[in-house]
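**Q** The structure's right below; bear with me while I get my questions together.
What follows draws every value from the coordinates through simple rules; no lab data is involved. Here the structure is a predicted model, which is why all the values come from computation and not from measurement. Because the Cβ atoms are built from the backbone with ideal geometry, glycine has one as well, and the counts that use them run over all protein chains shown.
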Amino acid sequence: MRKVAEEFFRRLQALVDSVEVTDRSGASLTPSEGIAAAGRLIRAQVASGGRLFFIGNGANAGIGSHMAADFSKNAGIPALTFTDPALLTAIGNDLGFDRVFAVPLERFAAAGDVLAALSSSGGSPNILRGVEVARAKSCRVVTLSGFAPDNPLRTLGDINFYVPQHGYPLVEVVHHALCHCLLESLVNGKPD
């Protein structure tokens, strides 16, 4: 068991060191530059009355729910996620699972809001459709994805964090760490 744990942490450290970040134009940023850029984007949008929305499936839904609570509580940022079981199952059943985030974003999102879209594969139709709606509403977008380097989500954000790993556990852990790093920078950092 110890060897498995050592290997896990070795792979996790290597993966954290290999996170790739791009802006909307495709220009590369260091992870710390990406965190700073995402922080500036969120601060600017919230200062003008915007909100922060999180969307994700499975563990990324849990991460989004956790982070929406922490951004609201710890940073004073109005943050929400659409993980209510009644909402998800009603929309999924009546309108299709690919619309479970699009419909709430159609109803709640407005110009000046920010969407944080988390998808390990970067190819989840419901996440991609949510981003499409957010863009149509003139929202800013931050993406967190993994798996294939050419996944569709990876190029759709104003700031895009990509974890070069095929496999849910480590991608999800790094997504969570990136979100916490962003929160920490907003709570304790000075604007760049």
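**Q** Out of (1) touching a Ser or Thr at 6+ places or on another chain (Cβ under 8 Å); (2) hydrophobic (A, V, I, L, M, F, W, C); (3) touching a residue at least 60 places away in the same chain (Cβ under 8 Å); (4) in a helix (DSSP H, G or I), the odd one out for residue 117 is which?
**A** The one condition residue 117 does not meet is (4).
**Q** If I ask for residues that are of a type in the set (D, E, K, R), under 17 Å from residue 159 (Cβ atoms) and either loosely packed, with under 11 Cβ neighbours inside 10 Å or touching a Lys or Arg at 6+ places or on another chain (Cβ under 6 Å) (or both), which ones from the stretch 6-31 would you list?
**A** Within the stretch 6-31, none qualify.
**Q** Return yes or no: is residue 46 surrounded by fewer than 11 Cβ atoms within 10 Å (Cβ to Cβ), among the aliphatic types (A, V, I, L, M) and in a helix (DSSP H, G or I)?
**A** Answer is no for this residue.
**Q** Within the stretch 102-110, is there a residue that is in contact with a strand residue (DSSP E or B) (Cβ under 8 Å, 6 or more places away or on another chain), under 26 Å from residue 167 (Cβ atoms) and touching a residue at least 24 places away in the same chain (Cβ under 8 Å)?
**A** Within the stretch 102-110, not a single residue is in contact with a strand residue (DSSP E or B) (Cβ under 8 Å, 6 or more places away or on another chain), under 26 Å from residue 167 (Cβ atoms) and touching a residue at least 24 places away in the same chain (Cβ under 8 Å).
**Q** So, in the stretch 114-153, of the ones that are among the polar types (S, T, N, Q) and within 19 Å of residue 164 (Cβ to Cβ), which residue ends up nearest to the chain's Cα centre (by Cα)?
**A** Step by step, filter the stretch 114-153, then rank; the result is 143.
**Q** While we're on this one: Considering every residue within the stretch 59-74, establish whether at least one is aliphatic (A, V, I, L, M), over 22 Å from residue 131 (Cβ atoms), surrounded by 15 or more Cβ atoms within 10 Å (Cβ to Cβ) and out of contact with any His (no Cβ under 7 Å at 6 or more places or on another chain).
**A** No: zero hits.
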